[in-house]
Amino acid sequence: MTNRQKQILIAIIEQYAEVAAPVGSVTLAKLFGVSSATIRSEMAKLEQFGYITHPHTSAGRIPTDKGYRYYVNQITEQTYQPQLPAMERTTRALEARVGSNRHSADQAIRSAVDSLVELTHNLGIATIDGQLYMSGIGNLFSQPEFIHGGQAPQAVARLLDNLGPWLKEAAPAEAINVYIGEENPIGKQSGASLIVSKFRSPYSDQSYIGGTGANPPELRPRDAPGEPSCRDIRRHTTRRKGRGR
């Protein structure tokens with residue numbers, strides 16, 4: 001992949017994350033200062049590589065699971081350098097909020113999840129003494145991905161019903177576990193992304209905190225696998241790793 005193709009892919013992913021709509025060549029041409037024909041040629045190559053695809057109703061492009069995975073790998077490998085002042089302010093605010101509940105592990109974990117919800121504007125989760133704590137369900141279902149209604153809310157609800165039992169059974173071991181689209185071991189048909197981090201708490205050496213977001217099936221091309229919400233991937237992962245552009 002050339003550097004320009006890489007930058008176009010990143011632009012498509014980040015634009016799609018914000019508006020939940022296919023990204024066209026005209027928009028990208030203005031961004032990169034080249035012709036629409038040049039962008040269409042590069043997009044065709046990215047599609048051949050499997051990083052993007054297009055819904056049957058639109059000429060714009062959206063990321064595939066492979067595209068999201070490339071993007072997440074770039075972030076987790078710290079290809080991007082963090083904006084330290086902004087990250088430091090966020091870290092201090094989070095530490096202060098959690099620290100104010102340092103005498104109660106239960107409240108400290110809940111506070112951390114609530115802070116995560118405020119930072120990501122999505123759904124946050126954590127295990128507390130064997131129970132699953134969730135916050136931000138309203139944020140999740142108010143995202144643009146759900147404006148079409150359909151079966152999307154029910155599919156994501158089923159995923160959330162199975163999340164607690166799955167965490168107990170699977171016990172993800174990595175510091176940060178990112179499951180994209182069909183990588184998601186539960187609720188594959190919901191198109192949900194799941195990001196989970198293991199930590200040690202007074203309740204267990206295998207406690208978990210993280211979040212989830214979804215891109216409902218109604219917004220996917222017919223021949224494409226379930227796509228996650230890049231919004232959730234980007235905000236969760238960059239808060240943990242740090243990134244600036």
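Kindly provide the set of residues from segment 6-26 that are out of contact with any Lys or Arg (no Cβ under 9 Å at 6 or more places or on another chain) and farther than 18 Å from GLN143 by Cβ, ordered by number. Write out each step before concluding.
From segment 6-26, those out of contact with any Lys or Arg (no Cβ under 9 Å at 6 or more places or on another chain) are 6-9, 11, 15, 19, 21, 26; that's our starting set.
Passing the criteria: LYS6, GLN7, ILE8, LEU9, ALA11, VAL26.
Scan segment 2-25 residue by residue and report those that are aliphatic (A, V, I, L, M) and surrounded by 14 or more Cβ atoms within 10 Å (Cβ to Cβ).
Hits for segment 2-25 are ILE8, LEU9, ILE10, ALA11, ILE12, ILE13, ALA17, ALA20, ALA21, VAL23.
Residue-by-condition table, conditions (1) surrounded by 21 or more Cβ atoms within 10 Å (Cβ to Cβ); (2) in contact with a strand residue (DSSP E or B) (Cβ under 9 Å, 6 or more places away or on another chain):
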position: GLY136; (1), (2): yes, yes
position: ALA155; (1), (2): no, yes
position: ASP161; (1), (2): no, no
position: ALA173; (1), (2): no, yes
position: ILE176; (1), (2): no, yes
position: SER193; (1), (2): yes, yes
position: ASP205; (1), (2): no, yes
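Which of the following residues is farther than 19 Å from ARG69 by Cβ and either at pLDDT 80 or above or in a helix (DSSP H, G or I) (or both): LEU194, LEU167?
The conditions single out LEU167.
Conditions (1) at pLDDT 80 or above; (2) surrounded by fewer than 19 Cβ atoms within 10 Å (Cβ to Cβ); (3) in a strand (DSSP E or B); (4) touching a Cys at 6+ places or on another chain (Cβ under 7 Å), marked per residue:
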{"residue": "SER115", "(1), (2), (3), (4)": "yes, no, no, no"}
{"residue": "GLY124", "(1), (2), (3), (4)": "yes, no, yes, no"}
{"residue": "LEU140", "(1), (2), (3), (4)": "yes, no, no, no"}
{"residue": "GLU145", "(1), (2), (3), (4)": "no, no, no, no"}
{"residue": "HIS148", "(1), (2), (3), (4)": "no, yes, no, no"}
{"residue": "ARG158", "(1), (2), (3), (4)": "yes, yes, no, no"}
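Is it true that some residue in segment 126-143 is over 18 Å from VAL196 (Cβ atoms), of a type in the set (S, T, N, Q) and free of Cβ contacts under 8 Å to residues at least 12 places away in the same chain?
Taking every residue of segment 126-143 in turn, at least one turns out to be over 18 Å from VAL196 (Cβ atoms), of a type in the set (S, T, N, Q) and free of Cβ contacts under 8 Å to residues at least 12 places away in the same chain.
Would you call TYR16 among the hydroxyl-bearing types (Ser, Thr, Tyr), in contact (Cβ under 8 Å) with a residue 60 or more places away in the chain and touching a strand residue (DSSP E or B) at 6+ places or on another chain (Cβ under 9 Å)?
In short, yes.
Considering each residue of segment 101-110, count those that are part of a helix (DSSP H, G or I) and farther than 16 Å from TYR208 by Cβ, and give that number.
1
The values are calculated or read from the model by the stated rules, or taken from the named source; none is laboratory data. This one's a predicted model, so the numbers in the text were calculated from it and none came from an experiment. Counting neighbours? That spans all protein chains shown, and the Cβs are built from the backbone with ideal geometry, glycine included.
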